[in-house]
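Input: a single structure, listed below in structure tokens.
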Amino acid sequence: MIPVKTCCESREQYLTRPDLGRRFDQENSEIIRRSLPQRARIQLVIGDGLSSAAILANAMDCAGPLHRLKNLRRGPGTILYVENARVGSGDFIGDLTGCQVMCILVGERPGLVTAESMSAYITYNPHTGIPESKRTVVSNIHRQGTPAVEAGAHIAQLLMKILEAKASGVDLLRGEVS
């Protein structure tokens, strides 16, 4: 994985300035441009988000089935690890790389059940300012929810569907209804 960090200088700043968790400074933007392929079909990003424990517990098991897509010449190549990541950091990465689909695995807010809950946010044609309704989300990825390997297999199927439909979020749902 290629490590980068958002514009947040600390966890306190991450919590109080969500906008900084969606952007990268010049140095980290250059690392992204240099390290990731331009116009990849699928870009996989792992971000600590609100719970690094969720990433430690689930991300690699979830990413396994996604990497198998590479054998079909559709899967993610280089994985980016983003420190102090918000979901919108994937949109900024989309701006820098022109990837077709962004899949960001991110640790979610620790709740009453577990601090190990992770979600996957999948966006077709990611770019800064894209509405949240354009994202497809798989949530509650943890031992007491959807196990990471099972979630990874489901996400892999979703990625293929999103590539085929050229849509995610509500646009993908609209395509299923009509």
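Taking amide hydrogens as placed 1.01 Å from N in the peptide plane, the amide H of Ile2 sits under 5 Å from those of Ile79, Leu80, Tyr81, each at least 5 positions away in sequence or on another chain.
Taking Glu164, Glu30, Glu83 in turn, the Gaussian network model of the chain (Cα-Cα springs below 10 Å) assigns the largest fluctuation to Glu164.
Of the residues Thr16, Thr114, Thr128, the one that moves most in a GNM of the chain with alpha-carbon contacts below 10 Å is Thr16. Dipole size of the chain about its Cα centre, with +1 on Lys/Arg Cβ and -1 on Asp/Glu Cβ: approximately 560 debye, rounded to the nearest 20.
For Gln38, neighbours were defined as the other residues whose beta-carbon sits under 15 Å from its Cβ, and their charges (Lys and Arg +1, Asp and Glu -1) total +2.
Considered as an equivalent ellipsoid built on the Cα gyration tensor, segment 1-74 has semi-axes of 25, 18, 8 Å, the largest given first. Computed over segment 36-178, the alpha-carbon pair-distance distribution with 10 angstrom bins reads 13, 46, 35, 6, 0, each value a whole percent. The relative contact order of the chain, computed from alpha carbon pairs under 8 Å that lie at least 6 residues apart in sequence, is 24 percent.
Rounded to the nearest whole Hz, the Karplus-based 3J(HN,Hα) values (6.51 cos²θ - 1.76 cosθ + 1.60, θ = phi - 60°) of segment 38-43 follow the sequence 7, 6, 5, 5, 10, 10, with x at glycine and proline.
Ordering 131-138, 47-54, 98-105 by mean Cβ neighbour count within 10 Å, with the highest value first, yields 98-105, 47-54, 131-138.
Two tests apply to each whole DSSP H helix in the chain, Cα reach of 18 Å or more along its axis and mean Kyte-Doolittle hydropathy of at least -1.0, and the ones passing both are 52-67, 148-165. Scanning residues 5 or more positions from Gly145 or on other chains, none has an amide H under 5 Å from its amide H, with H placed 1.01 Å from N in the peptide plane. Amide H to amide H, with H built 1.01 Å from N, Gly98 comes under 5 Å of Arg39, counting only residues 5 or more places away or on other chains.
All of the numbers you see were taken from the coordinates with simple rules; none came from a lab. Keep in mind the model is a prediction, meaning the values are calculated, not measured. As a convention, Cβ positions derive from the backbone with ideal geometry for all residues, glycine included, and neighbour counts pool all protein chains shown.
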